[in-house]
Structure formats: C-alpha cells, structure tokens
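A short write-up of the structure that comes next.
The values are calculated or read from the model by the stated rules, or taken from the named source; none is laboratory data. Quantities reported herein were computed from a predicted structural model and do not represent experimental measurements. Neighbour counts are summed over all protein chains in view; Cβ atoms, including those assigned to glycine, are modelled from backbone coordinates with ideal geometry.
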Amino acid sequence: MDKLIQHYADMYYNHDNPEISDAEYDALVRNFRTDHPDADLPIGQPSSLFSKVKHETPMLSLDNVFDFDELRGFFSDSGFVCEMKIDGLAISLIYEDGVFVRGATRGNGHIGEDVTENLLCLDSLPKRLKNAPAGRVEVRGEVLMTFERFNRLNQGQTFANPRNAAAGTLRQKNSAIVKERGLDILLYYLVDAPKFGVRTQKEALRWLAEHGLPTQEAFSFCPTLQDAEDFISSWSTKKLSLPYATDGVVIKLDDLTRWESIGATSHAPRWAVAFKYPPEERESRLVKIELSVGRTGILTPVAVFDPVLLAGTVVQRASLHNADEIERKDIRIGDVVLVRKAAEIIPEVVGVDKGARTGEERPFVMPEHCPVCGGAVVRVEGEAAHRCTNRSCPAQVREALKYFASRDGMDIRGLGASLAEKLNVKSVTDIYRMGLEDWLKLDKVKEKTAKNLMDQIEKSKSRPLENVINALGIPGVGKSVAGVLVERFKSIDALVKASEEEIGEIEGIGPVVARSVCEYLTENQELIDDLKELGITTCVSEAAGSEAVAGEAQNPFFAGKTFVFTGTLSSMTRDEAAARVKAHGGKVSSSISAKTDYLVAGDKAGSKLKKAESLGVKVLTEQEFLGA
Ligand code: IVH
C-alpha cells in the first residue's frame with residue numbers, strides 16, 4: 001500500500017481531518033491503481049471510543065469513474081437507478097419488529113462503531129417504522145450535516161467541510177452536542193431486499209419511503225447508459241441547489257437479482273459505481289495578496305479575488321501557500337486567475353490566464369517585516385515558508401491561544417476565535433492571571449460569561465499531560481505525538497532533559513519532529529516555567545496516567561471490569577475518570593449493555609441510567625467511584 005495514500009486516508013477516515021482535497025486524493029488513488037489494479041485501498045478503522053459492532057453483510061465502498069468513457073467500460077447490463085452520492089458518513093440501522101435498536105458506522109467495513117445513542121438524537125431518524133415489518137430489518141444510508149447547519153456551526157472554521165462536521169459530531173461522546181448541532185439522515189439501501197418482496201432498487205427506495213425512512217428526492221430510473229449520462233449532466237448544476245453536499249452520482253443496476261449474480265470485489269460492488277464530477281473552475285480577478293500570520297509565525301499569502309460562485313458558495317479567498325508557489329504559478333496582482341473548488345473543499349488558484357495580461361500586473365514580493373507587528377521576516381533554510389521572528393507578535397499569540405484553548409488542548413470552553421481576537425496577551429499563559437475586571441473590560445463580556453470563563457480556565461489546569469503538550473502547538477506535534485511523548489517521558493521536565501537523538505528514536509517520532517520539540521523547548525523555557533508556577537499539569541498524575549500505576553498490583557475492583565459513565569462528574573473530566581479505570585486494568589465503554597459491570601452516574605444522568613437499571617447493571621455515585 002502506498003504510504004502517502006495511507007496517511008491521507010487515515011487523516012480523512014480516522015481523524016476527520018483531511019489534509020488534501022477529495023479531488024487530489026482521487027487523483028493519487030487513480031495513479032496508484034494504474035500500476036496496482038488489485039491492491040486494496042485504505043479504509044477507516046473503528047475507534048475505541050465506541051463499542052464495536054460486526055456487520056453481518058459487509059459495508060462496501062464504491063469504485064469511482066471520472067468520465068463517460070470509464071462509465072461505459074464499467075457496465076455491460078442496462079436498466080439503472082441514478083442517485084446523488086451524498087457526502088456524509090455511511091451508517092447501518094437495525095430495526096427489530098419495527099423498533100430502532102442499533103445504529104453503527106461503517107468502520108473498516110466489517111467492524112463498525114455502535115453510535116446508537118447519538119443516532120437517537122437525530123430528528124429525521126424514525127425510532128419506529130411505519131407499517132412495521134416483523135423481525136429484523138437492516139437499512140443503510142448516510143448521516144449528513146446540511147449546509148445551513150454547517151455554516152451556523154462552523155463560524156470558528158473547526159471543520160473543513162460538512163462531511164467532517166457530520167463525522168466529528170456523530171462520534172461525539174456527549175449526545176447533547178449531537179442534538180444541538182443537528183444531523184440528518186438519508187437512506188438508500190435495504191439489506192436483503194428480496195426477503196421483503198422487493199426486486200429492484202427503485203422498489204427498494206419506495207419501500208424505504210413507505211416505511212417512514214427519509215430518502216433523497218434526486219433519483220431517477222434510467223433505462224440506458226445514455227439516460228444515466230443525461231441524469232449526470234443535468235445534476236451537475238442542479239446539485240448546487242440541494243441543501244446538502246454531494247460528491248457525484250451513484251449509478252446502480254436496478255435489477256436486484258443481477259446484484260447477486262455479478263457480486264463484488266473485496267472492497268466494492270460490481271453492480272454500482274460512483275461518477276465523480278470534475279472540480280468546478282471559474283475565472284476571477286486577483287485583487288490583492290494578503291498575508292496571514294499563523295501560530296508558529298509562518299506568513300501564508302492569501303489570494304483575494306473578485307467573488308465567484310463555486311460549488312454552491314461564494315468564494316473570494318484562497319491560500320497561495322508560500323512565495324515559491326506564487327513564483328511557480330507566476331501569479332501577479334491584477335491577473336485573471338482560474339479558481340477551483342471541488343464540492344465543498346477548500347478553494348485553490350489553479351493558474352493564471354497570461355494572455356489576458358495588460359502589463360499593469362504587479363509581482364508579489366514577500367515583505368521583510370511582519371505586516372502585523374513589524375518584526376523581522378526570515379526564510380528558514382530548507383523550508384518554503386517565511387516566518388515572523390517576533391515570538392510576541394500579537395497575531396501569533398492570538399493564533400497560538402486559539403489552539404491552546406481548543407478541545408484537544410486545554411479545552412477551555414467559551415474561549416474560541418472571537419474572544420481570542422479581543423484579547424491582548426503576550427503569552428498564552430497570561431489568561432491564567434486575568435482577574436474578573438480584566439475580562440469585563442472586553443467588548444460584550446458580561447459578568448456571567450466572565451465567571452464561567454475563569455472557572456473553565458481554572459479547570460483547564462488539570463488537563464492530562466498530553467493535552468497540555470498538544471496545546472503548546474509545537475510544530476509537528478499533535479495529540480497523538482503528544483501521547484507518545486507522555487508515555488515515554490511522563491513529565492515535561494524529563495522531556496526537556498531528553499536529547500534530540502533520544503526523542504528521535506521513539507517509534508512514531510522522526511528526526512524532524514525531534515528537532516522541532518527540542519528547539520521549541522529551548523526557546524520557550526519561560527513558558528514552561530510559567531506552566532509549573534501556575535499549577536498546570538506538567539507530569540503524569542495518579543488519576544490521569546495509565547503508566548503511573550504500572551508495576552503496581554492492579555486494583556481488583558477495576559481489573560477486567562467494564563465501566564460506562566453518564567452525566568457530569570464534578571471532580572474530574574470523563575477522560576480523567578476513564579484513565580483511572582484503564583490505569584487499574586478496567587475497560588471503558590460508551591454504551592450500556594448486559595456486559596457492563598458498572599455505570600458511574602454523575603449529575604443529570606439521563607437515559608443510560610434508566611437503561612442500566614432495566615438491565616440490572618450496578619450504578620455507582622461519583623463518590624463511590626472515587627472511593628473504589
Ligand atoms: S450505494 C455497497 N448510494 O459512498 C455500497 N452509496 O464512496 C453501496 N454513498 O460507502 C453504496 N451516497 O457511504 C450508495 N446514493 C448512494 C450513496 C452512497 C453516498 C456513500 C456510501 C459509500 C460511499 C462510497
């Protein structure tokens with residue numbers, strides 16, 4: 001398997017955080033496929049946050065075609081149903097005697113994650129089927145977030161696109177957040193359809209609708225491939241008016257008996273294929289190139305052009321990445337540029353119409369001083385990036401603070417982008433020294449908000465060490481590398497003492513990251529001292545560290561037992577409580593089943609408590625849990 005493809009797939013499927021656009025990924029896969037037609041492609045892995053579910057019928061992927069020639073090469077039968085390919089998260093739902101009993105993600109196609117509780121929060125998911133059939137019914141479809149919801153949620157730009165927002169939301173441990181954000185579901189597949197007297201895909205879609213399951217309206221029976229091509233062409237623009245993101249058309253054989261006979265490869269059926277639309281492109285005029293300063297001081301040039309409508313949204317900015325890229329594409333201010341955006345993916349400037357030049361265009365010059373603070377700008381040897389060298393550049397500190405306070409960092413709820421913009425701090429740790437009156441001086445911050453914030457900031461001091469290390473924003477160190485460092489060194493002091501070689505030898509960490517860690521720690525000694533002085537976690541604590549008790553006898557109360565948490569705990573976060581269980585040899589699950597040994601019920605415990613009681617699972621108060 002190609003390493004790069006594997007990496008991009010991992011970021012997409014397992015971290016909901018794609019690093020390249022879908023179109024770029026597809027292109028990589030196509031190239032790879034040309035030389036390795038039979039190789040398996042990467043797929044998602046079920047996460048350990050949810051209990052696992054085995055799919056009796058594997059949840060397959062689809063092969064892609066990118067033009068009509070390829071489409072004609074795919075099928076030798078006729079009689080199709082064309083549907084829009086919804087860009088969400090594949091889901092399987094099980095109904096027993098008409099009652100919704102379980103929902104699971106695709107995971108790796110064979111084993112998925114049980115997300116029943118979160119799915120129960122979806123208004124559009126029927127908890128009971130209409131005209132309920134007896135016995136077990138499995139249906140499949142896509143969980144999605146509409147553009148409207150996405151735009152409302154994503155003011156802080158946390159998610160790259162609605163698909164990631166949907167995936168991130170559905171894998172939330174807190175169902176209340178799922179409810180608040182609002183996801184939708186559309187079904188397109190009735191498993192074992194012939195069992196219900198259904199013989200075609202058209203009938204299957206009707207069956208789903210008649211049983212109260214939401215289906216997409218944009219589908220059509222297409223007797224010939226020519227009809228399918230007409231469907232594809234007409235929906236290339238109509239898709240923009242759909243309320244949700246789509247990333248192509250799925251062409252399926254209508255006759256379900258043919259599905260049986262022509263079967264599937266290990267990863268995709270031969271009875272259906274996805275047609276991927278080419279990314280949309282438009283011309284615009286480049287008005288200016290702005291510089292945005294990131295948390296590590298990197299200056300990223302951003303193209304600002306006349307607004308154009310692309311893939312359903314108005315676009316007027318696109319990252320130009322770095323000065324080399326601008327030179328390579330010979331982009332000048334005033335140029336007519338070609339702008340591209342695939343589905344809802346980040347826009348890019350593809351190139352320049354040099355024939356349209358008038359001679360008035362001006363080349364871009366990277367300034368010698370930071371546009372925000374006036375600090376010296378240098379180009380780091382061996383890198384394409386230019387950096388502002390002033391560590392207290394307000395733009396850098398602001399960006400660093402947003403990252404510091406984010407969920408995988410110090411998790412300070414309420415300290416998001418808009419508040420970070422208002423703060424005038426020299427270091428991220430300054431927020432720990434701000435008093436009530438300092439917060440109240442900020443625009444639109446009232447007493448209640450300020451007190452909540454101060455409370456959150458105080459609580460953040462006891463986040464697990466990997467969160468603290470991640471929060472520092474060391475280039476190349478995310479949550480997982482931070483976890484590896486914590487496992488090995490157990491404290492920031494030990495990490496500071498470690499040599500570059502020692503760090504670089506750890507599995508999963510290369511020499512580049514090792515150098516970055518050492519450089520960061522040398523340059524930021526003051527900040528590290530500050531963390532300690534403020535009482536922020538700088539070493540693995542008893543409660544939070546699985547390694548802290550390594551070597552000690554396991555506590556028999558926890559060993560081999562499965563714990564589920566519900567409600568709000570007052571003395572620790574769920575992560576910390578889970579770490580305590582694991583540290584003593586226990587397991588943590590997100591949903592209650594007969595296999596659960598203990599439910600720890602915090603404040604405002606809800607449906608899990610009822611379920612535990614009905615299953616006879618022992619319920620512990622937080623105090624009882626702490627005393628164990
Ligand atoms: S049919 C055996 N129909 O696309 C797979 N899939 O890239 C049958 N998808 O995993 C899938 N819209 O999650 C089908 N109308 C549609 C779809 C659709 C979106 C997803 C599905 C699948 C993925 C493959």
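Side notes on the structure shown:
- Any chance E327 is over 24 Å from L309 (Cα atoms), free of Cβ contacts under 8 Å to residues at least 24 places away in the same chain and either touching a helix residue (DSSP H, G or I) at 6+ places or on another chain (Cβ under 8 Å) or surrounded by fewer than 18 Cβ atoms within 10 Å (Cβ to Cβ) (or both): yes
- Just one of the numbered conditions (1) more than 12 Å from the ligand (Cβ to nearest atom); (2) hydrophobic (A, V, I, L, M, F, W, C); (3) without any contact (Cβ under 8 Å) to a residue 60 or more places away in the chain; (4) crowded, with 19+ Cβ neighbours inside 10 Å is not true of V143: (1).
- Filter result (in a helix (DSSP H, G or I) and either more than 24 Å from G103 (Cα to Cα) or modelled with pLDDT under 80 (or both)) within the range 614-628: E622, Q623, E624, F625, L626, G627
- Restricting attention to the range 82-135, the residues being away from the ligand (no atom under 11 Å from the Cβ), among the hydrophobic types (A, V, I, L, M, F, W, C) and under 18 Å from the mean Cα position of the chain (by Cα) number 3.
- Taking the criterion of being more than 17 Å from V287 (Cα to Cα) and either part of a loop (DSSP other than H, G, I, E, B) or in contact with a Lys or Arg (Cβ under 6 Å, 6 or more places away or on another chain) (or both), the only residue of the range 322-334 that qualifies is N322.
- Complete set of residues in the range 273-308 that are assigned to a loop (DSSP other than H, G, I, E, B) and within 16 Å of the ligand (Cβ to nearest atom): K276, Y277
- When R407, R398, R387, R391 are screened for being without any contact (Cβ under 8 Å) to a residue 12 or more places away in the chain and closer than 17 Å to G473 by Cβ, only R407 passes.
- Scanning the range 562-575 for residues that are in a strand (DSSP E or B) and out of contact with any Asp or Glu (no Cβ under 6 Å at 6 or more places or on another chain) yields a count of 4.
- Which listed residue, of G103, G112, G107, is assigned to a strand (DSSP E or B), in contact with a strand residue (DSSP E or B) (Cβ under 9 Å, 6 or more places away or on another chain) and modelled with pLDDT under 95: G112
- Checking E466, E502 one by one, the residue that is charged (D, E, K, R), in a helix (DSSP H, G or I) and surrounded by 21 or more Cβ atoms within 10 Å (Cβ to Cβ) is E466 and no other.
- Among the numbered conditions (1) within 14 Å of the ligand (Cβ to nearest atom); (2) outside any strand (DSSP E or B), the only one that Q172 does not meet is (1).
- Residue in the range 240-272 that is surrounded by the fewest Cβ atoms within 10 Å (Cβ to Cβ), counting only those that are assigned to a strand (DSSP E or B) and more than 10 Å from the ligand (Cβ to nearest atom): D255
- Residue match in the range 121-134 (condition: in contact (Cβ under 8 Å) with a residue 12 or more places away in the chain, outside any loop (DSSP other than H, G, I, E, B) and surrounded by 19 or more Cβ atoms within 10 Å (Cβ to Cβ)): no
- Subset of the range 220-231 that is outside any loop (DSSP other than H, G, I, E, B) and surrounded by fewer than 20 Cβ atoms within 10 Å (Cβ to Cβ) - its residue that is nearest to the ligand (Cβ to nearest atom): S220
- Among the residues of the range 177-198, those identified as free of Cβ contacts under 8 Å to residues at least 40 places away in the same chain and assigned to a helix (DSSP H, G or I) are I177, E180, R181, K195.
- Per-region count, the range 592-613, residues more than 11 Å from F563 (Cα to Cα) and assigned to a loop (DSSP other than H, G, I, E, B): 5
- Taking (1) surrounded by fewer than 19 Cβ atoms within 10 Å (Cβ to Cβ); (2) in contact (Cβ under 8 Å) with a residue 60 or more places away in the chain; (3) over 30 Å from S76 (Cβ atoms) in turn, I298 satisfies each apart from (1).
- Among the residues making up the range 80-100, those that are assigned to a loop (DSSP other than H, G, I, E, B) and buried (at least 18 other Cβ atoms within 10 Å of the Cβ) are D87, G88, G98.
- With respect to (1) of a type in the set (A, V, I, L, M); (2) at pLDDT below 95; (3) in a strand (DSSP E or B); (4) surrounded by fewer than 19 Cβ atoms within 10 Å (Cβ to Cβ), the lone exception for A384 is condition (3).
- Taken together, the residues in the range 576-591 that are assigned to a loop (DSSP other than H, G, I, E, B) and among the hydroxyl-bearing types (S, T, Y) amount to 2.
- Any pair with Cβ under 9 angstrom, 6 or more apart, that starts in the range 199-214 at a residue that is more than 18 Å from V143 (Cβ to Cβ) and ends at one that is aromatic (F, W, Y) and in a helix (DSSP H, G or I): Q201/W259; A204/F196; W207/F196
- V486 being closer than 22 Å to Y403 by Cα, assigned to a loop (DSSP other than H, G, I, E, B) and not basic (K, R): no
- Meets criteria (part of a loop (DSSP other than H, G, I, E, B) and either at pLDDT 95 or above or touching a Ser or Thr at 6+ places or on another chain (Cβ under 8 Å) (or both)) for E360: yes
- Taken over the range 64-77, the residue count meeting the criterion of being within 14 Å of the ligand (Cβ to nearest atom) and crowded, with 18+ Cβ neighbours inside 10 Å is 2.
- Here A166 passes the criteria (1) surrounded by fewer than 19 Cβ atoms within 10 Å (Cβ to Cβ); (2) touching a residue at least 40 places away in the same chain (Cβ under 8 Å); (3) assigned to a helix (DSSP H, G or I) except the one numbered (1).
- The residues of the range 131-172 that are over 21 Å from T313 (Cα atoms), modelled with pLDDT under 90 and touching a helix residue (DSSP H, G or I) at 6+ places or on another chain (Cβ under 7 Å) amount to a single one, Q172.
- Here R33 meets each of (1) of a type in the set (K, R); (2) at pLDDT 70 or above; (3) within 15 Å of the ligand (Cβ to nearest atom) with one exception, condition (2).
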